[in-house]
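Q: Before we start, here is the structure in question, set down as structure tokens.
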Amino acid sequence: MSVREDVIKMREVSMDLAASSIELRNKALEAIAKSLELRKEEVFKANSIDLINADSLDVSESVKKRLKFDEHKLRDVLTGIRQLETLDDPVGKITLNRELDEGLILKRVTVPIGVIGVIFEARPDALVQIATLCIKSGNCAILKGGKETKESNKCLFEIIRDAVISVGLPKMCLMQAEAHSEIDELLKCDGLVDLLIPRGSNKFVQYIMNNTKIPVMGHADGICHIYIDKDANKDIAIPVVVDAKTQYSAACNAVETILVHKDIAKTILIDLIKTLQAKDVVVNADSRVVNFVKNEMDEINVNEIADDGFNVEYSRFELGIKIVDSLEDAIKHINKFGSHHTDCIITDNKEAADKFQNMVDSAGVYVNVSTRFADGFRYGFGAEVGISTSKIHARGPVGLEGLVTYKYKLVGNGQIVSDYATGKSKFTHRDI
């Protein structure tokens, strides 16, 4: 059966899922959590096959880190599911309740988006997060993971599908696309699929955007910055930078560029570079940093890069450092070279912090904290289907609220527009 035929069937049941009770959707989440725990050895066995295949395929270390699914990853996804269960139903919320005239009531009510296709990277835990978020929000989901996680994803999908069917949700509310060729089929399903969320390289996301008529939401790059202001606290700055780079370097919210104000460079730069290099982080820098390091301490080596070489997402133990003359220069650099994902200022100056947060054009703008906090689970969303750097509909980690839209419901008793056009009747426009 073709992808299109399956999507047509999914479309047919999408309204059944949208109309299902929150009690049933939460029951499905609980069934998924219990099944994952009971069948975890199946998942670990499948994941071990993927890891062996990754070695033979010469998969990069950053991808291997995302690929591994062990007890730790299992605990994380189970915690995410249980957190998701406790969240309010995002469907059916009344966000506007207005009397247009006596007996003429307008309501704006949240509803699921419908059918969502998510194409994601080599992370088995992503499949669990995406599937459970879509179930909770009443959306049907088409799931396409990376080829590196073929065995893990197949096993996880079977467990999740069996669990949701067991509680009475429609069989076709979830679908897995396994072959790479099925992506192109999916891209042609405009009119049937309401939204695509691609997660991966910039080249891949651009390919999706350029080859479909379906609305696309997501982010391509994760070029995140930390700016160390002239009024920064050194005891905060260095640990925050180290965490943002090394806690999980393959993540899209790991820091890639450090900007240092010239007035604090002498105080912090050498210690910062020493600390990073002690953690095996490769340091690249502009000529100002290189010359500063040479003058201060010969034994420290950094790689010089050009001023236009800061648009890199390393996704490994490597980053760039640049000296800037002012807060304004830092903001200008971030808005030019950043990916509008997550950026941070380290400072004790509230005025500088406020200006940074107001002027940096990113989905997440932080003060004195690691960029690694940009995550749906850490935000209390349960998980995320992805992080959006667009400004329309959803921005930042996309949790339940980003997976619903709304409709207007108008109820009256025979009113006609002609009466209002001629002045016979008048609008009250009263919120109730």
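Q: Going down the table (LYS274/LYS355; LYS279/LYS322; LYS188/LYS409; LYS65/LYS262; LYS203/LYS234; LYS136/LYS332), which pairs top 28 Å between alpha carbons?
A: Beyond 28 Å: LYS274/LYS355; LYS188/LYS409; LYS65/LYS262; LYS203/LYS234; LYS136/LYS332.
Q: Next question, about the same structure. Quick one: compute the contact order of segment 224-373, relative version, from alpha carbon pairs under 8 angstrom and 6+ residues apart, as a percent.
A: Dividing the mean separation by the residue count of segment 224-373 yields 35 percent.
Q: Can you pull out the GluC sites (Glu not before Pro) in segment 55-100 whose DSSP state is coil and whose Cβ has at most 16 other Cβ atoms within 10 Å?
A: Here no GluC sites (Glu not before Pro) fit, given the DSSP loop and packing criteria.
Q: Spelling out what I want: for every residue of segment 186-192, take phi, set θ = phi - 60°, compute 6.51 cos²θ - 1.76 cosθ + 1.60 (Karplus), and round to whole Hz; glycine and proline get x.
A: So the J values, rounded to whole Hz, are 4, 5, 8, 8, 5, x, 10.
Q: What's the long-distance tail for segment 54-210, i.e. % of Cα pairs beyond 26 Å?
A: 36
Q: I've got another one for you. Ratio of Rg to Rh for the chain, alpha carbon only, Kirkwood?
A: Reported Rg/Rh (Cα atoms, Kirkwood Rh): 1.04.
Q: Further question: Using only alpha carbon pairs under 8 Å that are at least six residues apart, calculate the relative contact order of the chain and give it in whole percent.
A: Worked out over the chain, it gives 20 percent.
Q: Could you check what % of the DSSP bridge pairs in the chain are antiparallel, to the nearest 5?
A: Bridges in the chain are about 30 percent antiparallel.
Q: Answer rounded, prolate or oblate for segment 224-373, using the Cα gyration tensor with square roots of eigenvalues a ≥ b ≥ c: rounded when a/c is under 1.5, else prolate when a/b is larger than b/c, else oblate.
A: It is rounded, given that a/c, with a ≥ b ≥ c, falls under 1.5.
Q: Which order do peptides 100-109, 133-142, 146-155 fall in by mean Cβ count within 10 Å, highest first?
A: With the highest mean Cβ count within 10 Å placed first, the list reads 133-142, 146-155, 100-109.
Q: Take peptides 119-125, 47-53, 305-311 and line them up by average Cβ neighbours within 10 Å, highest first, as a rough protection proxy.
A: Those peptides, ordered most packed to least, come out 119-125, 47-53, 305-311.
Q: Near the amide H of SER388, under 5 Å away, which other amide H atoms are found, from residues 5 or more places off or on another chain, if H is placed in the peptide plane?
A: Under 5 Å from the amide H of SER388 lie the amide H atoms of GLY396, VAL398, each far enough along the sequence or on another chain.
Q: Testing the spin-label approximation: label points 7 Å from Cα along Cα→Cβ at SER390 and ARG430. State their distance in nm.
A: So the label points at SER390 and ARG430 sit 4.0 nm apart.
Every number here is computed from the coordinates shown, using simple stated rules; none is lab data. The structure presented is a predicted model; accordingly, all values stated were derived computationally and were not measured. Cβ atoms come from the backbone with ideal geometry, glycine included; neighbour counts cover every protein chain shown.
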